[in-house]
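**Q** Once you've had a glance at the structure underneath, I'll fire off some questions.
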Amino acid sequence: MAAVTMRLPAARAPLDSSAPRGGEKHLVAPGDTITTDTGYMRGHGTYVEDDKLIASVAGVVERVNKLVCVRALKARYNGEIGDIVVGRITEVQQKRWKVETNSRLDSVLLLSSINLPGGELRRKSAEDELAMRDYLQEGDLISAEVQSIFSDGAVSLHTRSLKYGKLAQGVLVQVSPSLVKRQKTHFHDLPCGASVILGNNGFIWIYPTPEQRDDEAGGYTANLEPVPLSDREVISRLRNCVMALVTHKIMLFDTSILYCYEASLPHQIKDILKPEVTEEIVLEARQRLLDSEG
Amino acid sequence: MASVVLSEAEKLYIVHGVQEDLRVDGRGCEDYRCAEVETDVVSNTSGSARVKLGETDILVGIKAEMGTPKLEKPEEGYLEFFVDCCENSVDLKSLCINPKEHCWVLYVDILLLECGGNIFDAISIAVKAALFNTRIPRVRVLEDEEGTKEIELSDDPYDCIRLNVDEVPCIVTLSKIGYRHVVDATLQEEACSLASLLISVTSKGAITSMKKVGKGSLDPESIFEMMETGQRVGKSLHIALQKILDEEENLGTSRPKVGFLG
């Protein structure tokens, strides 16, 4: 039966912030004066006008000795060496691919930085250059690591490990990069039955856990069999939980996603996105996180 | 219309999901995303409505102005749409002030604030809500001794005529994905569907018009199935929309106005 629900909009009230935070955060909006003291050096996100240091972005003020900068709450991804990113191929050029990673410039994946199918290691020849589209096409999703940063800020990626490479069936969720917590590992096999890659650039990839780690494939053979319904339900539920956490600006990491998933089990998958259910689930997940910390 | 690029494996995942009646966000094939409807959001219009269907955000404003009737329909007013739609659903005779000389012209302007898939449905819901919200001031035509006509506006600002929107249809977009069809497709699902059927359905379930979009082909059998689904879903859509509009109306001035800063 068709289900159509409509509602009147309600002003979204912030979650009950009864949890004590470690130190007050100095939040500023563009145009706010940070300080009138001229002894500070201005960093990113600030400018000087009439001897006053004014913020140019909306965010949190960070002070390191004499350097004052404003870290924006919602910004494009700024690559750091060693970050894991999930990106989409936008162009196939002469000896490289251009990858979209939600940064200011398209990231670059050089032909010399990829692993060939089968894991073979050799210098890439002219035939490899002509066969680039056979490896990665426009629209393909890859997981990669940041190798280096060009002088203009563009990020250079590499997939020189068997855990990186082309991604197969699954669901992509795009969130703000500032919501992804930096951790030791970004590849998680969740106990609920699916796996997730938390890209530092805000691209979250949720996919069914592969049965065996096929190391010889090197990440190029895509499993095109239909995913069973039970796995699909887990993936859809995880995707809705991630959207719920993002709506309430909770940091994304394996534990928070797992707690949110467990809190959402009593509800139907499609109900998770209803505002009242979202709030209930996120509050419960946040409470569990605070309890486990303290 | 905006579209996203997807990899082949992602499209395959979506298509297989639709076959099993479990879409990426957990909905079934005939479920709509949760919609938020608010009327009277723009103060300097005669009627306005804002509809948020998932990521899609539509704003419709209606302004009523005095004009001369069209030659072929001297006893009626008319609607001017910024986006094409069918206008034979509103009682145009109610927009007539003076046959052959004066009538109300309703200028309907539609703004796409954000496109998140399924814009036609959202636009039709917003237009119906805005028409429901439209308040046209009551005017009287006075005749002088010399025969010149004068239009007199009533003194009470709340004395206005409302439009009967029972016959206004809503558009239901059915996108064909694999062997099944889905209602209210997201941008990703639209990228996987090769053909869609736009059906406009009235609240009684009558189909007023139909259009096929997309470069793929549709099997005639599946068109009948899609039409039936469209009628069913269309009726539920009308019921839900009327319920929310009546609820909003009953709240009256005590309704908390959210507008754009919520």
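The values are calculated or read from the model by the stated rules, or taken from the named source; none is laboratory data. This one's a predicted model, so the numbers in the text were calculated from it and none came from an experiment. No Cβ is skipped: glycine too gets one built from the backbone with ideal geometry, and neighbour counts run over all protein chains shown. Just so you know, the surface numbers come from the protein's heavy atoms only, side chains and all, with ligands and any DNA or RNA stripped out. Shrake-Rupley method; radii C 1.70, N 1.55, O 1.52, S 1.80 Å.
**Q** Just for chain B, what percent of DSSP beta bridges are antiparallel, to the closest 5? It would help to have the intermediate numbers written out before the result.
**A** On the way: 50 of 54 bridges.
Of the beta bridges lying entirely in chain B, close to 95 percent run antiparallel.
**Q** Next question. Give me the Kirkwood hydrodynamic radius of the range B:8-251 in Å, from all C-alpha pairs, to one decimal place? All intermediate terms of the calculation are to be shown ahead of the outcome.
**A** On the way: mean 1/r = 0.0513 Å⁻¹.
Across the range B:8-251, the inverse of the average 1/r is 19.5 Å.
**Q** Write out the GluC sites (Glu not before Pro) in the range B:171-243 meeting two conditions: DSSP loop, and at most 12 other Cβ atoms within 10 Å of their Cβ.
**A** Working: sites: B:Glu189, B:Glu190, B:Glu221, B:Glu225, B:Glu228; in loops: none.
Sites meeting the loop and neighbour criteria: none at all.
**Q** Shifting gears a bit: D for the range A:34-95, whole µm²/s, Stokes-Einstein with Kirkwood Rh over alpha-carbon pairs at 10 °C and 1.306 mPa s: what number?
**A** 112
**Q** Looking at the range B:22-75, which GluC sites (Glu not before Pro) are in a loop (DSSP not H, G, I, E or B) and have at most 15 other Cβ atoms within 10 Å? Spell out each step's value before the answer.
**A** Working: sites: B:Glu30, B:Glu36, B:Glu38, B:Glu55, B:Glu65, B:Glu72, B:Glu75; in loops: B:Glu30, B:Glu55, B:Glu72, B:Glu75.
Those satisfying the criteria are B:Glu55, B:Glu72, B:Glu75.
**Q** Same structure again: Taking amide H positions as placed in the peptide plane 1.01 Å from N, state which residues far from A:Arg96 in sequence (5 or more) or on other chains have amide H under 5 Å from it.
**A** Answer set, sorted by chain and number: A:Leu111.
**Q** What nm value, rounded to one decimal, do you get for the distance between B:Glu80 and A:Lys52 when each label is placed 7 Å out toward the C-beta?
**A** In this crude label model, B:Glu80 to A:Lys52 measures out at 4.6 nm.
**Q** Provide Rg over Rh for chain A; use the alpha carbon set for both Rg and the Kirkwood Rh (inverse mean inverse pair distance). Walk me through the numbers before you get to the answer.
**A** Details: Rg = 21.9 Å, Rh = 21.6 Å.
Result for chain A is an Rg/Rh of 1.02.
**Q** For the protein assembly as shown, what is the percent of antiparallel DSSP beta bridges, rounded to the nearest 5? Could the numbers behind the result be given before it?
**A** Working: 95 of 108 bridges.
Of all bridge pairs located within the protein assembly as shown, approximately 90 percent are antiparallel.
**Q** Treat every Asp and Glu Cβ in chain A as -1 and every Lys and Arg Cβ as +1, leave all other atoms uncharged, and give the resulting dipole magnitude about the Cα centre to the nearest 20 debye. Intermediate values should be presented prior to the final figure.
**A** Details: 35 positive and 39 negative charges, 98 e Å.
Taking the Cα centre of chain A as origin, the dipole is about 480 debye.
**Q** In the range B:8-251, with Lys and Arg counted as +1 and Asp and Glu as -1 at Cβ, which of these residues, B:Tyr32, B:Pro69, B:Val213, has the Cα nearest the positive end of the dipole, that is, farthest along it?
**A** B:Val213
**Q** Then there's this: Length gain on complete extension for the stretch A:Glu91 to A:Gln268, per 0.36 nm per residue less the alpha carbon to alpha carbon distance?
**A** Working: separation 177, 0.36 × 177 = 63.72 nm, distance 3.97 nm.
59.7 nm is the gain from fully extending A:Glu91 to A:Gln268.
**Q** Shifting gears a bit: How big is the charge dipole of the range B:8-251 about its Cα centre, in debye rounded to the nearest 20, if each Lys and Arg gets +1 on its Cβ and each Asp and Glu gets -1 on its Cβ?
**A** Values: 26 positive and 46 negative charges, 161 e Å.
Taking the Cα centre of the range B:8-251 as origin, the dipole is about 780 debye.
**Q** I need the phi-derived Karplus couplings for the range A:262-279: 6.51 cos²θ - 1.76 cosθ + 1.60, θ = phi - 60°, integer Hz, Gly and Pro marked x.
**A** Running phi through 6.51 cos²θ - 1.76 cosθ + 1.60 with θ = phi - 60° gives 5, 5, 8, 4, x, 9, 6, 4, 6, 7, 4, 7, 6, x, 6, 5, 4, 4 Hz.
**Q** Assuming 0.36 nm per residue, please report the length gained on full extension of the stretch B:Glu249 to B:Lys212 beyond their Cα-Cα distance. Before the final figure, lay out each step's value.
**A** Details: separation 37, 0.36 × 37 = 13.32 nm, distance 3.58 nm.
In short, 9.7 nm is gained.
**Q** Contour minus end-to-end for A:Arg42 and A:Ser292, with contour as 0.36 nm per residue of separation and end-to-end as the Cα-Cα distance?
**A** Extra length available between A:Arg42 and A:Ser292 comes to 86.2 nm.
**Q** Structure shown: which of A:Lys270/B:Lys215; B:Lys212/B:Lys235; B:Lys11/B:Lys204; B:Lys63/B:Lys212; A:Lys98/B:Lys215; B:Lys52/B:Lys128 lie over 25 Å apart, alpha-carbon to alpha-carbon?
**A** Values: A:Lys270/B:Lys215 31 Å; B:Lys212/B:Lys235 20 Å; B:Lys11/B:Lys204 36 Å; B:Lys63/B:Lys212 31 Å; A:Lys98/B:Lys215 29 Å; B:Lys52/B:Lys128 14 Å.
Listed pairs above 25 Å: A:Lys270/B:Lys215; B:Lys11/B:Lys204; B:Lys63/B:Lys212; A:Lys98/B:Lys215.
**Q** Under 20 Å from a point placed 7 Å out from the Cα of A:Val60 along the Cα-to-Cβ direction: which residues of the range A:136-177 have their backbone N that close?
**A** A:175-177
**Q** Output needed: Cys residues of chain A lacking any neighbouring Cys C-beta below 4.7 Å, sorted by number.
**A** So far as the 4.7 Å Cβ criterion goes, A:Cys69, A:Cys192 stand without a partner in chain A.
**Q** Another one. Counting only residues 5 or more places away or on other chains, whose amide H sits under 5 Å from the amide H of A:Leu252 once H atoms are built in the peptide plane?
**A** Amide H to amide H, under 5 Å and 5 or more residues apart or across chains, A:Leu252 pairs with A:Val180, A:Lys181.
**Q** Which aspartates and glutamates, if any, have their Cα less than 12 Å from the Cα of A:Lys25, not counting same-chain residues under 8 positions apart?
**A** Output for A:Lys25: A:Glu62.
**Q** Measure nothing but the geometry: give the 0 to 90° angle between the long axis through the Cα atoms of B:8-19 and the longest principal axis through the Cα atoms of chain B, rounded to 10°.
**A** With rounding to tens, the tilt is 80 degrees.
**Q** Among B:Ile171, B:His16, B:Gly116, which residue has its Cα furthest toward the positive end of the charge dipole of the range B:8-251, with +1 on Lys/Arg Cβ and -1 on Asp/Glu Cβ?
**A** B:His16
**Q** A further question follows. Within straight cross-link reach of B:Lys149, meaning Cα distance under 18 Å, which aspartates and glutamates are found once same-chain residues fewer than 8 apart are removed?
**A** Reachable aspartates and glutamates: B:Glu65, B:Glu75, B:Glu101.
**Q** Using Cα positions and a limit of under 15 Å, work out the aspartates and glutamates in reach of A:Lys249, with same-chain residues fewer than 8 apart set aside.
**A** Partners found: A:Asp16, A:Glu279, A:Glu280, A:Glu284.
**Q** Excluding ligands, DNA and RNA, what is the solvent-accessible area per residue of the protein assembly as shown at a probe of 1.4 Å, expressed in Å²?
**A** On a per-residue basis, 51 Å².
**Q** Calculate what fraction, in whole %, of the accessible area of the protein assembly as shown sits on carbon and sulfur atoms when a 1.4 Å probe is rolled over the protein chains. Walk me through the numbers on the way to the answer.
**A** Numbers: 14230 of 28510 Å².
So the carbon and sulfur contribution to the accessible surface is 50 percent.
**Q** Residue-wise, which Karplus ³J(HN,Hα) couplings in Hz belong to the range A:32-39, taking 6.51 cos²θ - 1.76 cosθ + 1.60, θ = phi - 60°, and x for glycine or proline?
**A** Each residue of the range A:32-39 in turn: 6, 7, 8, 7, 9, 6, 7, x Hz.
**Q** Normalise the Debye intensity by I(0) for the protein assembly as shown, one equal point scatterer per Cα, no solvent, then take log10 at q = 0.10, 0.11 Å⁻¹ and round to two decimals.
**A** Per q value, in the given order, log10 I(q)/I(0) is -0.98, -1.12.
**Q** Kindly write out, for the range A:120-127 in residue order, the coupling ³J(HN,Hα) from the Karplus curve 6.51 cos²θ - 1.76 cosθ + 1.60 (θ = phi - 60°), rounded to whole Hz, with x marking Gly and Pro.
**A** 6, 10, 7, 6, 7, 9, 5, 5
**Q** Could you tell me the calculated FRET efficiency between A:Ala131 and A:Lys184, based on Cβ-Cβ distance and R0 = 35 angstrom, to the nearest 0.05? Before the final figure, lay out the partial values.
**A** Numbers: r = 36 Å, r/R0 = 1.03.
Step by step, r from the Cβ atoms, then E = 0.45.
**Q** Separate question: Counting other C-beta atoms within 10 Å, and keeping those with at most 16, which DSSP coil chymotrypsin sites (Phe, Trp or Tyr not before Pro) do you find in the range B:117-205? All intermediate terms of the calculation are to be shown ahead of the outcome.
**A** Working: sites: B:Phe120, B:Phe132, B:Tyr158, B:Tyr179; in loops: B:Tyr158, B:Tyr179.
Sparse-neighbourhood loop chymotrypsin sites (Phe, Trp or Tyr not before Pro): B:Tyr158, B:Tyr179.
**Q** Does anyone have the angle between helix B:220-251 and the longest principal axis of chain B? Alpha-carbon axes, 0 to 90°, nearest 10?
**A** Tilt relative to chain B: about 50 degrees.
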